1. Can you list the aspartates and glutamates whose alpha carbon sits under 14 Å from that of Lys350, skipping same-chain ones fewer than 8 residues off?
2. Between Glu292 and residues 5 or more places away or on another chain, which pairs have amide H atoms under 5 Å apart, with H built 1.01 Å from N, and which residues are they?
3. Give me the net charge for the shell around Tyr112: Cβ to Cβ below 12 angstrom, other residues only, Lys and Arg +1, Asp and Glu -1.
4. Any idea what log10 I(q)/I(0) is at q = 0.08, 0.14, 0.16 Å⁻¹ for segment 180-416, Debye with uniform C-alpha scatterers and no solvent?
5. Relative to the first principal axis of the alpha-carbon coordinates of the chain, what is the inclination of helix 73-86, with its axis defined by its Cα atoms, in degrees from 0 to 90 and to the nearest 10?
6. So for each of 332-339, 444-451, 215-222, 386-393 I average, over its residues, the number of other beta carbons within 10 Å; can you give me the resulting order with the highest mean first?
7. Under the Karplus relation 6.51 cos²θ - 1.76 cosθ + 1.60, θ = phi - 60°, what is the ordered set of whole-Hz ³J(HN,Hα) values for segment 456-462, x standing for Gly and Pro?
8. Restricting to Cα atoms and excluding each atom paired with itself, what does the Kirkwood estimate give for segment 5-152 in Å?
Amino acid sequence: MIEKVVLIEPKSPGFHVFSKFKLPRLGLPLLGAMLEKELGIRVKIYFQEITKIDWDVVLNADLVGISTITPTAPVAYGIADRIKKSSDIPVVLGGAHVSFLPDEALEKGADYVVRGEGEHTFIELIKHLSSGEGELQDIAGLSFKDSKGFHHNPDRERIQDLSSLPWPDLSLIEGFEKLKIIPMVTSRGCPYDCKFCSVTSIFGRRYRFRDTDDVLAELEALTARSPKSSVFFYDDNFTASPAHTKELLRKMKERGLTPRWHAQARVDVVEDEELMQLMRDTNCYHLFLGVESINPATLKAYRKSQTVADIERAVEVIHRYKMRVHGMFVLGSDEDDKETIRETVRFARKSGIDTVQFLVLTPLPGTETYEELCEQGRIFVDDWSKFSGHHVVFKPAKMSPFQLQKESGLRAMRKFYSIFQCWKLGLTFHWKDMAIKIYAHHTINKWRSSNKYFVSELRHRYKAERQGHKAEKAHRKQEHREREELEEVAVGVSEASGHGAKRDQSSDTDSSAHRTA
């Protein structure tokens, strides 16, 4: 009988600009709400970013579920291994990473893997383990192992009616009162096809929206419980359907439901002036724009249907409506070199973007980029914790891994968040912006310090490759010289042979003439 369930979201590795802002994913709070609603099971959730795992509670559970993305996979596997070494508690892994690599998860200690949108898969698995209801092989979206090996059931269809799901219960997270930003989501899916993104592989290319009144009711409950917290809409593109978003914002405005909020959007959001005004009226504070690059060739390679002019206009219009811009760049495509990266940094500083993340292109499982680089043998790092967007894990086309790491992960961030930029803000009395940039500058230094070994390894690899190239170049030069010398000798021999043959022919002619005479 399954009565005590513990769910865990592992801590992300390392530091980044937004390390200070703890934001749990919504999958586990949603599963917890479903378990309580359908089976009467009250779960405990440990979000490691804010609370340490209580191992006494974990090792006395009837089942443990762990949700992982790629960079947290090693920690997730470590947790599973510790549980299996101490008990026979069933361990279930879910999340994007294991959805694409279920065999790896089963090998690393998981008893079951929930793939894709796993809400109903997880509930059916709990029912089976608790009362024997149904057969394991009939649970769509489930991978499992037994004495005969690994088994992967057919994929489960995506949930069409998102409003049929309960609201994620954030109160199930131990220490949830520490959250300063409250996450919620209004949709799933994305029709765009960015080469490096796994969203469409998990959620599909068709947008599915929650009912507006359902969203409003949840937002009202969240803000009533945490009136001082801001809200972050987790949607991959909050303004995907302008009509749907405007309906939501109009009703928020009518009800006076206007907490400070943040969301992700594309640069084309600024083309709808009514939408922009509604966002301002409902207290939108920050828009996170997927800028990706200012290199037209890179934008084309990423299949990002926008131009540099679109980006510039978006920043200008968003600022006009008194909102802030966070630019998210992805550096290191096969079209990028050192100069295009430096141009990107200059653009970011000149454009007035308020905050940025210069991320390194990362081949995440489930993306076309991953499949392509695997096929080409260009991925040289096998530590998943380094697949965070802050470490170079593949061989770029137009520079070395060390050069890409130096330009994007070190120089670009330090340029944007330089001490000079901090003091400039202070001198113009932009104290809050100054504080943010000082914090970012400090975080970058912490990242450099904690990743000295990784960067050093890349540097040594770069130097060794350069020496190898130099040696190879010298070897080719020597071979070329030797070939030339051999050719000169051959020509000399040929010429000498020709002269000798002429002399012999002349002698033969003279002898013949003498005999004739």
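1. Glu312, Glu316
2. Met328, Phe329, Val330
3. Charge balance in the 12 Å sphere: -1.
4. Log10 of I(q)/I(0), two decimals: -0.32, -0.94, -1.16.
5. 60
6. Ranking, from highest mean packing down: 386-393, 332-339, 215-222, 444-451.
7. Coupling constants for segment 456-462: 4, 4, 5, 5, 4, 5, 5 Hz.
8. So the Kirkwood estimate lands at 15.5 Å.
Bear in mind these aren't lab numbers, they're just calculated from the coordinates by the rules spelled out. No experiment lies behind these values; they were computed from the predicted model shown. Reconstructed Cβ throughout: ideal geometry from the backbone, glycine too, with neighbour counts over all protein chains shown.
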